[in-house]
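Take a look at the structure below.
Every read-out reported here was derived from the displayed coordinates using simple, explicitly stated rules and does not represent laboratory data. Note that the structure is predicted; figures quoted are calculated from it, not measured. Here the Cβ is made from the backbone with ideal geometry for all residues, glycine too, and neighbour counts use every protein chain on show.
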Amino acid sequence: MKLKAIKYSILLALFCVHLVTAQIERIEPPNWWLGMQNDTVQLLVYGKNIAEFTPSILSCQDCVNLLDYYKADNPNYLFLDVFIPETSVMLDFPINFSNAKTGKSFSYNYELKRRIKNPEDYKGFDSSDVIYLITPDRFANGNPENDIVDGLLETDLDRNHNYKRHGGDIQGIINNLDYIDDMGFTAIWSSPLLINDMPEQSYHGYAMTDFYVVDPRFGTLEEYIKLSDKASKKGIKLIMDQVANHCGREHWWMKDLPFSDWVNYQLESEKDEKVIITNHRRTVNQDAYASESDKNLMEKGWFVSAMPDLNQKNPFMAKYLIQNSIWWIETLKLGGIRQDTYPYPDKVFMADWAKAIMTEYPNFNIVGEEWSYNPLLVAYWQADAVNKDGYESYLKSTMDFPLQKALVHALIEDEKWDTGLVKLYEGLANDFAYQHPESILLFGDNHDMDRIYTQLDESLPLTKMAMAFLMVAPRIPQVYYGTEILMKNSLKPGDHGLIRSDFPGGWKTDAVNAFSGEGLTIDQREMQNYLKRLLNFRKEATVIHNGLTKHFSPEKGVYILFRYNESATVMLILNKNDETVELDLSRFKEMRMKGQKFKNVLTGEMAKIKASLSLPSKEALLLVKIKNDE
């Protein structure tokens, strides 16, 4: 009987410990690393009435220490500041929780890892790269087994519906890395892969419901890491799309917020539909005359009714978001971050966020989305900008919406004094506003705007010209998946679901396969081969990566741009005319071309430059100077 009683007591004690331990539902970040530049991590601890417990860590010399802890408005949260010295002999370490009133106590074993990559070796994307932007749900379905996941709010799978999930996933990207590499891309930017457990339109990824969990319909964390590793072995950088401005309305914390100011304009209940939407007046960030009313609504209003606006002025939220970004960089060995809706959060926080990342990883890169056609607004956000208000962003790259718009107008407008190619000439002339124009991201289109082929009235010649300019301009080029096969959304301009159509061949039942070329039209194959030649030329053309730039004002439908240095010259000529043009080269004598041998990058033909040059109609001519010994 005594033995049975002892066994029963042990089982009861173990059961009670389990019950108390289960009181912790999550700790975020789920792990951390030794040897970080910032030697303190703040842990969010969540569990029923966890604030009734006092946390502690057994401290010693060269050990992990608990510096301080904080209670939230909500007793289900604690925040712990943990000091992790580089010399720590501990990896996993116990965090002890005790309740003096009840006498209950338990421990949670927190995981520390050793860094396997030096922070200086996290090399971000730059002007030597060309980025391939992918909407993963619409790119390729590598694992049909994860198409529908029980327990999630949206379980519909319908490839005929523009706004339902189609089944593309991480494995689909992995399976087609050879295609991406062969095309000549050196970086992949995927729209977000974190879980969006939302009742509808969860495919796009921008309404995260957990900042530390991969959406199981895209795959697993292990597959995400595998994608990064396999891409890296091919020399392809992985860029993660992150969102600091908002989360999804179904985020786990929305049902039990830690602080009353954790999100802006908190709802009275889950069913509350009185959502205050932002005014989208992004100029308040720079406007010396902006009213407080306009500034507050811009910063605090929700982006849309399904996306609560996060309050980065709350110091615990700010720390949470910074650590989350660093956690993903370290976990995935990232080659960059693209930050969504950059001007919408608190701009002081955004500077702190970027500075923290760039301090930890000095050779890293971040690109922020400022969807403005005013180059002054775009320039404001780039690092080293001399802003009148003294603002320093620490953000290396911004997105060049102004030049994208100029490119489209330059190609579709009739040639007049103030329309047509002059728009491109004057658009590039705005580079005086930028401290580092070569670090700005330029694109023909992206996941939020009409396909470039649609914007250019489904003209193959004009689309080729756009891509040629993109690859030669002093920028970091980004190409949206499907541009290489002339994907379009002309039937419904502005329809985001159609803009993000399936890439043919990404599903086994597809009749057309763009990965292999099977079933493509003549024009599609021509475009694909054209872009492939451009990309692979650019990959090795260091003069485009870091050379000087000079252009000449357009005349009679012809625009000419040079990239050059002491050892190389690349000449891009855009001819919009419907007929062949004989171009007099005397105007360009300062470039010392006469008598030099040039190679046509796109045809392989050799030519010695004389007094004039014959330009084919409606075509981009890309010439590279041949060295004397070639």
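Report the FRET efficiency, 1/(1 + (r/R0)^6), for GLU120 and TYR373, where r is their Cβ-Cβ distance and R0 is 41 Å, rounded to 0.05.
Details: r = 37 Å, r/R0 = 0.90.
For R0 = 41 Å, the calculated efficiency reads 0.65.
Residues with beta-carbon under 11 Å from that of GLN339, excluding GLN339: net charge, scoring Lys, Arg +1 and Asp, Glu -1?
Computed value for this residue: -3.
Do any chymotrypsin sites (Phe, Trp or Tyr not before Pro) in the range 255-319 lie in a DSSP loop with no more than 14 other beta carbon atoms within 10 Å, and if so, which?
Filter output for the range 255-319: TYR289.
With the contact rule set at Cα under 8 Å and sequence spacing of 6 or more, what percent relative contact order holds for the chain?
The value is 10 percent.
Dipole of the chain, Cα-centred, from +1 at each Lys and Arg C-beta and -1 at each Asp and Glu C-beta, to the nearest 20 debye?
Dipole about the Cα centre, nearest 20: 1260 debye.
Using DSSP to define loop residues, name the trypsin sites (Lys or Arg not before Pro) in the range 404-499 whose beta-carbon has at most 12 other beta-carbon atoms within 10 Å.
Hits after loop and neighbour filter: LYS416.
Provide the FRET efficiency to the nearest 0.05 for the GLU540-GLU579 pair, computing r from the beta carbons and using R0 = 30 Å.
It comes out at approximately 0.35.
Enumerate the lysines that LYS230 could reach by cross-link, defined here as Cα to Cα under 17 Å, with residues fewer than 8 away along the same chain left out.
Within reach: LYS117, LYS123, LYS333.
Given a Förster distance of 51 Å, report the FRET efficiency between ASN565 and SER293 from their Cβ-Cβ distance, rounded to the nearest 0.05.
0.50
Compute the distance in nm between two label points, each set 7 Å from the Cα along the Cα-to-Cβ direction, one at SER98 and one at LEU153.
4.2
Taking the range 385-456, which chymotrypsin sites (Phe, Trp or Tyr not before Pro) meet the DSSP loop condition and have no more than 12 other C-beta atoms within 10 Å?
Here the sparse-neighbourhood loop sites are TRP417.
Enumerate the aspartates and glutamates that LYS492 could reach by cross-link, defined here as Cα to Cα under 18 Å, with residues fewer than 8 away along the same chain left out.
Cα-Cα hits under 18 Å: ASP445, ASP448, ASP450, ASP457, GLU458, ASP502.
What is the gain in length, in nm to one decimal, between GLU200 and LYS233 on full extension, counting 0.36 nm per residue of separation less the C-alpha to C-alpha distance? It would help to have the intermediate numbers written out before the result.
Numbers: separation 33, 0.36 × 33 = 11.88 nm, distance 3.64 nm.
So the extension gain works out to 8.2 nm.
Just to be sure I understand the model, the point goes 7 Å from the Cα along the line to the Cβ. What's the resulting GLU273 to ILE626 distance in nm?
7.1
With a sphere of radius 13 Å drawn around the Cβ of VAL89, what net charge do the other residues whose Cβ falls strictly inside it have (Lys, Arg +1; Asp, Glu -1)? Write out the running numbers ahead of the final one.
Working: positive: ARG114; negative: ASP62, GLU86, ASP92.
Net of charged neighbours comes to -2.
Along the charge dipole of the range 549-625, pointing to its positive end and built from +1/-1 on Cβ of Lys, Arg, Asp and Glu, which listed residue (LEU622, SER612, THR549) has its Cα farthest out?
Sorting the options by dipole projection puts first THR549.
Note the full-extension length gain between SER459 and LYS508 as 0.36 nm times their separation in residues minus their Cα-Cα distance, in nm to one decimal.
Between SER459 and LYS508, full extension yields 14.6 nm more.
Compute the distance in nm between two label points, each set 7 Å from the Cα along the Cα-to-Cβ direction, one at SER128 and one at ASP256.
About 4.9 nm, to one decimal.
Under a Cβ-Cβ cut-off of 9 Å, what is the net charge of the residues other than MET298 that fall near it, where Lys and Arg count +1 and Asp and Glu count -1?
The answer is +2.
Under 14 Å from the Cα of LYS234, which aspartates and glutamates turn up, not counting those fewer than eight places away in the same chain?
List returned: ASP129, ASP178, ASP181, ASP182.
Express in whole angstrom the spacing between the alpha-carbon centres of the range 188-265 and the range 460-502.
The range 188-265 and the range 460-502 have Cα centres separated by 25 Å.
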